[in-house]
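Participant: Structure provided below as structure tokens; questions to follow.
The values are calculated or read from the model by the stated rules, or taken from the named source; none is laboratory data. Quantities reported herein were computed from a predicted structural model and do not represent experimental measurements. When we count neighbours, we look across all protein chains shown, and the Cβ atoms used for this are built from the backbone with ideal geometry, even at glycine. For the accessible areas, the whole protein counts, side chains as well, though only heavy atoms, and no ligand, DNA or RNA atoms are used. Shrake-Rupley method; radii C 1.70, N 1.55, O 1.52, S 1.80 Å.
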Amino acid sequence: MLTSMTRLPLNTLPAFRAVAELQNLRAAAERLHLTHSAVSQQIRGLEEQLGFELFDRRGRRVVLNPAGEALLRSVQCALAQLDDGVQTAASVARGASQRLRVSVLPSFAQRWLLPRMTRWRERHPGLTLEIETSQQVADLQREGLHAALRSGRGPWPGVVSDPLFDAATPMIVLGSPATTRQLADSHPETLARQPLLGDKELWRQWFAVAGLSVNVTPVATFNDAGLMLQAVEQGLGLALSRELLAADALCAGRLVKVSPISVDFEPADTYHLVYPPGLRDWAPLLALRQWIRDELERSRETLTSRNAAQAPTGKTESKR
């Protein structure tokens with residue numbers, strides 16, 4: 001039996017975690033790049049050291065028993081902290097090269113981040129930003145990433161989650177200049193007869209807030225907001241989008257705000273910058289967080305000035 005004077009064999013804990021998660025010794029061996037027998041010996045050695053079994057053997061499968069489940073909860077937390085520490089140390093060791101690897105949603109990268117990269121280089125000429133775009137939730141530690149930009153409600157386990165802006169950022173109706181010129185007016189009844197792009201439920205809610213009950217049938221849906229806005233620019237229809245994501249296209253005149261009605265959908269997903277706790281105070285990550293916040297504020301100010309200049313006589317209507 002393990003006593004207070006007995007040391008827990010820490011070298012066996014990665015093997016224990018892998019076997020517990022995969023429920024298969026051979027699969028765990030492949031993950032750890034060890035032989036099947038080496039993993040089996042580590043598990044047996046851990047159980048002998050503890051003085052009790054951690055798994056029930058069921059043919060080729062090994063399933064945690066209650067004692068194993070209790071140990072796994074502590075081991076996962078401890079190893080996650082160690083993983084963060086290793087990543088922090090590695091990042092510091094690579095400090096001379098100043099490289100920051102970030103996973104970003106394609107829509108955010110295309111519509112907002114890339115147009116601002118010139119200002120990033122001007123502010124941080126010695127800090128290389130490596131951008132990987134993906135719709136999937138990135139595993140930061142496994143994929144060697146320092147941070148990721150995610151869309152959701154958060155928080156996510158094992159990472160720090162910084163909301164970049166309020167989930168209630170208004171969504172507005174957008175169209176191309178050519179499409180907008182063809183509209184007789186911007187009344188909801190008129191818009192309901194136009195080709196609509198995007199999520200059916202969001203459109204239904206928008207029309208409901210606008211005082212109209214309609215059976216919405218979008219002509220196309222998208223799994224990426226950037227592609228949808230590109231389709232709008234090409235005149236394929238109208239779309240609902242967060243105003244901030246479309247800020248550059250609005251200011252450049254590639255997109256037009258079709259209706260004065262903007263709606264805050266709640267609860268709603270928003271953008272978060274996520275990163276391992278161990279990198280919270282790492283200088284390159286601090287630089288990225290501050291730069292993103294500064295650029296978001298610049299976008300807000302630009303939109304506010306533009307909207308004020310284009311507003312007719314009354315205030316723009318906003319509904320919840």
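Participant: Of (1) within 27 Å of Pro157 (Cβ to Cβ); (2) open to solvent by less than 50 Å² (accessible area, probe 1.4 Å), Ser40 satisfies all except one. Which?
Facilitator: With (1) within 27 Å of Pro157 (Cβ to Cβ); (2) open to solvent by less than 50 Å² (accessible area, probe 1.4 Å) applied to Ser40, the lone miss is (1).
Participant: For Leu255, state whether it is crowded, with 16+ Cβ neighbours inside 10 Å, touching a residue at least 40 places away in the same chain (Cβ under 8 Å) and over 25 Å from the mean Cα position of the chain (by Cα).
Facilitator: yes
Participant: Moving on to the next point. Given the conditions (1) more than 20 Å from the chain's Cα centre (by Cα); (2) closer than 21 Å to Leu149 by Cβ; (3) open to solvent by less than 50 Å² (accessible area, probe 1.4 Å), which single one is not true for Leu288?
Facilitator: (1)
To keep it simple, each residue is scored yes or no on (1) under 29 Å from Gln76 (Cβ atoms); (2) surrounded by fewer than 18 Cβ atoms within 10 Å (Cβ to Cβ); (3) in contact with a Gly (Cβ under 9 Å, 6 or more places away or on another chain); (4) hydrophobic (A, V, I, L, M, F, W, C).
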residue	(1), (2), (3), (4)
Pro106	no, yes, yes, no
Arg123	no, yes, no, no
Gly126	no, yes, no, no
Gly158	yes, yes, no, no
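Participant: For residues in segment 252-272 being in a loop (DSSP other than H, G, I, E, B) and in contact with a strand residue (DSSP E or B) (Cβ under 7 Å, 6 or more places away or on another chain), which is modelled with the lowest pLDDT?
Facilitator: Only one residue fits best here, namely Phe265.
Participant: Residues in segment 58-67: is at least one at pLDDT 85 or above, open to solvent by less than 80 Å² (accessible area, probe 1.4 Å) and part of a helix (DSSP H, G or I)?
Facilitator: yes
Participant: What are the residue pairs meeting all of these: first residue in segment 53-75, first residue over 17 Å from Leu13 (Cα atoms) and of a type in the set (Asp, Glu), second residue open to solvent by less than 100 Å² (accessible area, probe 1.4 Å) and not in a strand (DSSP E or B), Cβ atoms under 9 Å, and 6 or more apart or on different chains?
Facilitator: Matching pairs, first to second residue: Asp56/Asn65; Asp56/Gly68.
Participant: Another question about this same structure. Among the residues of segment 207-223, are any part of a helix (DSSP H, G or I), modelled with pLDDT of 90 or more and of a type in the set (Ser, Thr, Tyr)?
Facilitator: No: zero hits.
Participant: Which count do you get for residues in segment 115-135 that are of a type in the set (Asp, Glu) and over 17 Å from Ser103 (Cα atoms)?
Facilitator: Total satisfying the criteria: 1.
Participant: Does Ala138 satisfy the criteria of being assigned to a loop (DSSP other than H, G, I, E, B), on the phi < 0 side of the Ramachandran plot, open to solvent by less than 30 Å² (accessible area, probe 1.4 Å) and among the small types (Gly, Ala, Ser)?
Facilitator: yes
Participant: Checking Glu189 against (1) surrounded by 16 or more Cβ atoms within 10 Å (Cβ to Cβ); (2) within 18 Å of Gly237 (Cα to Cα), only one condition comes out false. Which one?
Facilitator: Answer for Glu189: the failing condition is (1).
Participant: Checking the conditions here, which among Asp248, Asp281 is part of a helix (DSSP H, G or I) and either farther than 30 Å from Pro195 by Cβ or not aromatic (Phe, Trp, Tyr) (or both)?
Facilitator: Matching residue, one of Asp248, Asp281: Asp248.
Participant: Which number in (1) assigned to a helix (DSSP H, G or I); (2) in contact (Cβ under 8 Å) with a residue 24 or more places away in the chain marks the one condition that Ala239 misses?
Facilitator: Unmet condition: (1).
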